[in-house]
Amino acid sequence: MKKIYANATEALDGVLTDGMLIAAGGFGLCGIPELLLEAIKDSGAQDLTFASNNAGVDDFGIGILLQTKQVKKMISSYVGENAEFMRQYLAGELELEFNPQGTLAERMRAGGAGIPGFYTKTGVGTVIADGKEHKDFNGETYIMEEGIFADLAIVKAWKADDTGNLIFRKTARNFNVPAATCGKICVAEVEEIVPRGSLDPDQIHLPGIYVHRIIQGDHEKRIEQRTTRKKEEA
Amino acid sequence: MPWDRNQMAARAAQELEDGMYVNLGIGIPTLVANYVGDKDITLQSENGMLGMGPFPFEGEEDPDLINAGKQTITELSRTSYFDSATSFGMIRGGKIAAAVLGAMEVDEEGDLANWMIPGVLVKGMGGAMDLVAGVGRVIVVMDHTNKHGKSKLLQKCTLPLTGKKVVNRIITNLGVLDVVDGGLKIVEIAEGVTEDEIRAATEAKIVN
């Protein structure tokens, strides 16, 4: 089966529908599927729900889909970097479901592993626990959280081979692995596609079984907070 | 004189022991890394890294290498990378010995609020709820009072909670307090601060 597509628009052809649930990888602007998000914007798909740790910034990442009002709902843990997001949310134009970051990651992992629900201590006694099943194990209270089964997953990796095996780079791995596994279809954008056999099988971060379509492209890889130190004088 | 930000961070660094895996929050907690000295501490960044190094030299920033505050950082010889589900597996699973976090409010039961002011500020809890529920010890570092002079150590938190009965120790600009049965216990007073000043700045019940 051929997994390599020419560009983001072709890779999304036939898999985008209005109202779908999309799991997206990335943390902040690090390791986000920037080319696929751009293509989703161009597609005009509407009423989208995104399970994504963050919502990008105003003009990059998921933020570009907020500008065009293509997002109906976000499932996120932290959205503090996006002024347009706050404006739409406080005006009641956008639904928001806050998930604790680890709960969001585990919901994706669980969905990808065929687990519809799990119990966690995270959020017990907070608004996150409202309306959720509580259960005690060994004298401690836990709440039930549900796995995320996304219609589509979009992720960004460093390298892929043509069978879809992926390798990520440094902290750009983040949510890309759990997000990829929980999608019915997973589309990955990478910096480099290499022939099969050129990646060390022992070093694959995400096996190609989870990845259905791949594109190679040029990434801006914007830095959100550039922090540096000065070289000390010799 | 109350402690300044750096003195609070230095005091928090005393809480960390050789061999610990530790998560530092944003703000003053980040400064704690500057004061660990010779202790063998491994810093976790919950976006998927153990062994967090200092900021890079100018021109050496890597967009693929950031901390949980989205700042560019560097790796160390001990560094390992992993995905977010694995990262929170080690947090939830109790493998991280301690977290040092900032806070808006802490109360005498150890309840913590540091993620949301309703109707005003929508940011999200990030990984804070997972951290306070999962790590071995939660150390809060914050000013004793807010900018209006009101105590941040309360009988009961008024803001939406991050976690219930989760805080072990509070380090403020005035001193160090532990959450114990029945309230807060003063365990240390900043040099030049009096016990009366701490008591006056604390709304929570002090048991000693």
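The values are calculated or read from the model by the stated rules, or taken from the named source; none is laboratory data. These numbers come from a predicted model, not from an experiment. For neighbour counting, all protein chains shown are included, and Cβ atoms are generated from backbone atoms with ideal geometry for every residue, glycine included.
Odds and ends about this structure:
- Strands (runs of 3 or more DSSP E) completely within segment A:150-234 that count 1 or more residues being of a type in the set (Val, Ile, Thr) and within 12 Å of another protein chain (Cβ to nearest Cβ): A:150-161
- Residue within segment B:143-153 that is of a type in the set (S, T, N, Q) and within 27 Å of B:Ile41 (Cα to Cα) present: no
- Among residues of segment B:185-196 that are at positive phi, those with a Cβ under 7 angstrom from a residue that is surrounded by fewer than 14 Cβ atoms within 10 Å (Cβ to Cβ), sequence gap 6+ or separate chain, pair up as B:Gly192/B:Met1.
- Residue count for segment B:106-140, restricted to those that are touching a residue at least 12 places away in the same chain (Cβ under 8 Å) and assigned to a strand (DSSP E or B): 9
- Summed over segment B:47-68, the residues that are touching a residue at least 24 places away in the same chain (Cβ under 8 Å) and facing chain A (nearest Cβ under 7 Å) give a count of 3.
- Scanning segment A:117-149 for residues that are touching a Ser or Thr at 6+ places or on another chain (Cβ under 6 Å) and more than 11 Å from chain B (Cβ to nearest Cβ) gives A:His134, A:Glu145.
- Residue list for segment B:1-51, restricted to those being in contact with a strand residue (DSSP E or B) (Cβ under 7 Å, 6 or more places away or on another chain) and hydroxyl-bearing (Ser, Thr, Tyr): B:Tyr21, B:Thr30, B:Thr42, B:Ser45
- Subset of segment A:16-64 (residues that are within 11 Å of another protein chain (Cβ to nearest Cβ) and in contact with a helix residue (DSSP H, G or I) (Cβ under 8 Å, 6 or more places away or on another chain)): A:Gly25, A:Gly26, A:Phe27, A:Cys30, A:Gly31, A:Asn53, A:Ala55, A:Val57
- Test: B:Leu153 is at pLDDT 95 or above, within 13 Å of B:Ile206 (Cα to Cα) and touching a strand residue (DSSP E or B) at 6+ places or on another chain (Cβ under 8 Å): yes
- Within segment B:146-176, being crowded, with 20+ Cβ neighbours inside 10 Å and of a type in the set (Val, Ile, Thr) holds for B:Thr162, B:Val166, B:Val167, B:Ile170, B:Ile171, B:Thr172, B:Val176.
- Any pair with Cβ under 8 angstrom, 6 or more apart, that starts in segment A:170-182 at a residue that is free of Cβ contacts under 8 Å to residues at least 24 places away in the same chain and ends at one that is surrounded by fewer than 24 Cβ atoms within 10 Å (Cβ to Cβ) and of a type in the set (D, E, K, R): A:Lys170/B:Asp62; A:Lys170/B:Asp64; A:Lys170/B:Glu75
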